[in-house]
Structure formats: C-alpha cells, structure tokens
Amino acid sequence: MALIRPDNALEQTWIQKCCCRFMCKGPIPRHVAFIMDGNRRFAAKKHVERIEGHTRGFDKLAEVLKWCQDLGVEEVTVFAFSAENFKRSKEEVESLMELARHKLALIMQERDQLKANGVKIRVIGELKQLPEDIQNMAQEVMSITKDHARCCLNVCFAYTSRHEMVQAMKDISLRLRNGTLQEDQITDDLFGKTLQIPSVDLAIRTSGEIRLSDFLMWQCSEACLEFTDALWPEFSIWNFYAAILKYQYFIAAKKS
Amino acid sequence: MFLRQTTMNEWNILLRKTVRNGLTQAESFLFALLRIFIYVVQNVLKLRRIHVVGYFNSIRPFRQIADVSSIAEDAQRLPKVPKHLLLLIDEKNNDHESITNMIVWSFMMGVTNVTIADKKGCLENDLGTIETNFRERCKNPSLQLCSKCVFRLAGKVTDSSVHNVIITSPKTSRQHFLTSVKKTCLQMQRNDALQETLNPDAFSGILDTGKGNISDPCLLIVFGQRFTFHGFDPWSLRLTEITTLPSHCGLSYDSFISAFRKYAKCEQRWGV
C-alpha cells in the first residue's frame, strides 16, 4: 500500500471531518513523533505471521500521515527500527529489511505524489549498520524529496537518541577544531540545533508501554507525552484526536 | 434594473459573509462545547474511580497513610520495585509533609535512591527542612532501617549510602548534562583518538562521575497538569518508565502505590 494516499482513498466520515475542524480551532502541534509499537503483539493477537503485523503497521503509518496532513501538522517523526532491534532473531531482522526494501522502492515510485503533496522524507539513524542496497535506496529517497517543503516525514531507522547526541558532540568538536565555533558558543540551543531532528511538540507511544526507549530524548524534553493502550495497527483516528486534545490542554496549562 | 441587480449582488455577498461568520462562530461554540464535554467526561471518570475505590472499601479501606506492615505486604505482592525513583513536581507549592511521606513509603517498598526535582527549583533551598522532617519521622522504631539515609543536592558527590535522597531541578540536571557535553567536546578537540572512539557508553561513564554510582531512574512520576519531562536531563531517562499523578499535595498512600503497581506490570524488552 502506498505511503501517500489520494484524498479520496481515505475519505473521513462527516463526524471525523467535524472533529477535525473543531480541533483546528485550538493549537495544533507543529511536530508529532510516534513510537509505532505493537506490530508483533497485533500479529500474535490475530494469529498471523509477524511480518504481516509489520506490514499492517506500515499501512497504518500512511493513514496517520493523512490525519496529520488534514490537521496541518508540519513534521512527523516515526521510530521505525531501533539500533537495539538488531538483537532480534536473524529471520525477523531480515524480513524487516526486506519490508524496508519493498517500501522504499514503493516510495520511489510515488515521487510524483510526493512532489504534489510537498512531502520531504528523511531517513535518520546509524545508516551504516544497514545493508548497502537499503542505504542507497534511503539516500535516493532523501535526494528526490530534499526540495519539498510543505511537510516533512523523518523515519528513524537503526536509530537511538544516545547515538544521535554523541554524533552531535562529534560535530561540535569538529567545528571547534576548524575554528567555526568558539567554546563559549556551546549552549543548550546550539546542541539542539546540531541534532538532526528538531524539537517535538507531541510524542505518542502506542501499545501501553510507558517509556520512550531512547527515542528523541533531547527533542522530547519539553514535549507533551501521550501513552495509549492501542496497538499500532489498531491505532484509530479517535486515539489520535484524543492525543491532540491532550496537547491542547497541555498548552492551556502551560499558558495558565 | 441595473441598480436592482447590484443591490441583489451586494445582498448575496452580505448574506454569504453572515453565513460564513455564523458558521465560524458556531464552530468555535461547538469546539468550546466539545472541550467542556471532554472536561466533564474526564471528571466523571475521576469520580467513577473514587466510586470504584469506595466499592473496594468493603474489602480493604482506602488508605491515606499506611503502617509499616501493610507497606511490607504490598512490597511483597509486587513482582518488581524500582531501585531509583524520580519525582518530578510541577506545582505552585511544595508539600513537605507529602514529600517526606513519599520518601518513607519508597524506602519501605524497597527503593534505594529517590531523586526529587521541582520545576521551580525551590526544593534545592529546602534540603535541610526535608532532611529534618525525615529524621523526625525516623525516630519511630519501625523506621530505623532508613535512618542512615544520605541527603544531598545533585552534583555534590558524597559517599553514597544504602539509601540516598537527591534534590535537584530540571534546570540543574540539564545544566549538568550540558557541562559534560562541553567538557567532552573540548577533550575531543584536543584528542583525535577520543573523536573516533566516543560512544554512548563512554559518555555515560563521563556523566556518571558526578552521580556517585547511582544508576539512571527506573520510574519517573510527574506531578502536575502537564505530562512532560520539563526539560530534565535527557540522557538519564531513556529507559525510565513514566507515569503521572495529578498532585503531590496531600497525596494518599494508595494513589502513590498505584504508580508502583503500574511499574511492576512493565516489561523491558531491550529491543528484542
């Protein structure tokens, strides 16, 4: 299934449209991050193969992107694969890589829709740990969408927040070494800007887990957190709207 | 004829504008209604929770405070207890009585380190008061176990005890992290080998030197209306289980222990 769906492919019911319009009256997060957890538990629950759970998870991502687009969310970051996930069984890691290959190829075929919708895609993480062909495909997807500016999808693949922070420290030290940065310029703000992903407004984790598992730790330090019991493939528009409402309360509480 | 048509057109435009404005206002009104509805539902849910607690009163009374034996019983029923508890308070006032209660309950449950951080940073000035309150409570013979507890501000390394209470604020913890970042960047600038070899474990080692061998928090309880980290040091919270309670003021034992029950249900999979 495609990542970018045509408008008529995910037609909302009138009540969903109404809710969407009501939501837009309040503050909308600029950047939403998702930990797409629960694909394997979904597969076990439905008595299907694990890979089927992951495939359904990707389909859900396409749906969620459409909901975000309708609300006017400018940037979405998803935790697709943690560097820690390489510890899983060889078969599962291989099937996940195969799924990534297939989906990246599909995204490349969608370049016209991506251009029409202005979607920029960035694949972020320790890409060197991935098979070479996937690294090349990821680079190509990033290069064909780099000039799109309406919204941005960051896919964290082979990612951990600690690695990202260490890489930022290395980048800062290189700038110190070549003289483009002075010691007193190393601030909270500079460190945040050196990271690859900007700060998050709303972080959502599915499947009832209540931790961030090394995902965007710096970026989420002021974000509104939402943990929902729904498994990722079962995450519904109502779960999403509930998270947005919580964000609106969060902003109201911040102002008060 | 022409004049009449113009007037009709103006009327049409005016009518459309009025309808559009009316719709926008109706939407705002409905949005406000929706928010009120959700607010009411949330409070009804809270009331229902109280009702449920009332239902269980027949089995076990709701406990505002608890004695040592019932805390020990609760601890035995839980499959796991956090070794390091982080309490993050974002409220107008700090209730010292409740804070002392939470420290005592935590130690009785089997927690060894309690870190308390308040958004405003006021608790850092109240370290002495919190310690005095706690020592006063430890005069009770059943609480002798925790009397050797060490109270300190974050970053002030002293000899760690079996039980430690660390007082900090999100700002202080973040500043400590940034100081380590700056130090590491400067070291890397001078040392090529470090630039190549630095990894998350190595940086954790640099950070831990200021912590006195206290591990990262296992459970974080956020008190207040906003469920967020409030800018707390991001490095130490990567695997921390996070939960929230509306307020720490006048907190009951049963509400506090609900966070421990939630933690006990969590399963760490370490990526597998």
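Laboratory data are not the source of any read-out in this text; all were calculated from the coordinates shown. Worth saying up front: this structure is predicted, and the values here are computed from it rather than measured. Every residue, glycine among them, receives a Cβ derived from its backbone with ideal geometry; neighbour counts consider all protein chains shown.
Compute the signed sum of charges (Lys and Arg +1, Asp and Glu -1) over the other residues within less than 13 Å, Cβ to Cβ, of B:Ile116. Taking every Cβ under 13 Å from that of B:Ile116, the sum is -4.
Each helix, a run of at least 4 DSSP H residues, gives -39500 (n - 2.57); summed and divided by the residues of the protein assembly as shown, these come to -16500 deg cm²/dmol at 222 nm.
Would you list which lysines come within 17 Å of A:Lys146, measuring only between C-alpha atoms, while excluding same-chain residues fewer than 8 positions from it? Answer for A:Lys146, where 17 Å is the Cα cut-off: A:Lys115, A:Lys120, listed by chain and number.
In plain terms, if you count all Cα to Cα distances in the range B:68-265 and split them into 10 Å steps from zero, the share in each step is 8, 35, 35, 15, 5, 1 percent.
Please list B:96-103, A:181-188 highest first by mean number of surrounding beta-carbon atoms within 10 Å per residue. Don't skip to the end; give the middle numbers.
On the way: B:96-103: 20.1, A:181-188: 13.2.
Highest to lowest by the protection proxy: B:96-103, A:181-188.
Springs between Cα atoms under 10 Å define the GNM used for chain A, and in it the highest mean-square fluctuation of A:Arg41, A:Arg177, A:Arg205 occurs at A:Arg177.
So, R0 is 30 Å and r is the distance between the beta-carbons of B:Ser161 and B:His96; what FRET efficiency does that work out to, to 0.05?
Numbers: r = 21 Å, r/R0 = 0.71.
Calculated transfer efficiency: 0.90.
Average partner chain C-beta neighbours within 10 Å, per residue of B:178-191? Mind showing how you got there, number by number?
Working: counts 5, 1, 1, 9, 7, 1, 5, 14, 5, 2, 7, 9, 3, 1.
Mean shielding count: 5.
Candidate cross-link partners of A:Lys255 among the lysines, defined by an alpha-carbon separation under 20 Å and a same-chain spacing of 8 or more, comprise A:Lys25, A:Lys246, B:Lys92, B:Lys119, B:Lys120, B:Lys171. As a calculated quantity, the FRET efficiency between A:Trp14 and A:Ser236 at R0 = 22 Å, using C-beta atoms, amounts to about 0.85. Once you keep just the Cα pairs under 8 angstrom separated by 6 or more residues, what percentage relative contact order results for the range B:104-188? Relative contact order of the range B:104-188: 37 percent. Across peptide A:207-216, the mean count of Cβ atoms from other chains lying within 10 Å of each residue's own Cβ comes to 5.
How would you order B:131-142, B:75-86 from highest to lowest mean count of nearby Cβ atoms within 10 Å?
Details: B:131-142: 14.1, B:75-86: 16.8.
Ranking the peptides B:131-142, B:75-86 by packing returns B:75-86, B:131-142.
The modelled label-to-label distance for the pair A:Leu190/B:Lys183, using points 7 Å beyond Cα in the direction of Cβ, is 1.8 nm.
In the protein assembly as shown the Cα-Cα distances spread across 20 Å bins starting at 0 as 19, 49, 27, 4, 1, 0 percent of all pairs.
Per-residue extension of 0.36 nm, minus the Cα-Cα distance of B:Cys249 and B:Ala202, leaves a gain of 12.9 nm for this segment.
Figure the gain on full extension for A:Asn136 and A:Arg101 (residue separation times 0.36 nm, minus the Cα-Cα span) and round it to one decimal in nm. All intermediate terms of the calculation are to be shown ahead of the outcome.
On the way: separation 35, 0.36 × 35 = 12.60 nm, distance 1.03 nm.
Full extension of this stretch gives 11.6 nm more.
What the Cβ-Cβ distance of B:Ala32 and B:Gln225 gives, at R0 = 22 Å and to the nearest 0.05, is a FRET efficiency of 0.70. Residue ranges B:230-242, A:124-136 sort as B:230-242, A:124-136 when ordered by packing (mean number of other C-beta atoms within 10 Å per residue, highest first).
Once you have the Kirkwood Rh of chain A from its Cα pairs, apply Stokes-Einstein at 10 °C and 1.306 mPa s and quote D in µm²/s. Could you put the intermediate results ahead of the total?
Details: Rh = 19.3 Å.
Stokes-Einstein gives a translational diffusion coefficient of 82 µm²/s.
Peptide A:81-94 shows a mean partner chain C-beta count of 2 within 10 Å per residue C-beta.
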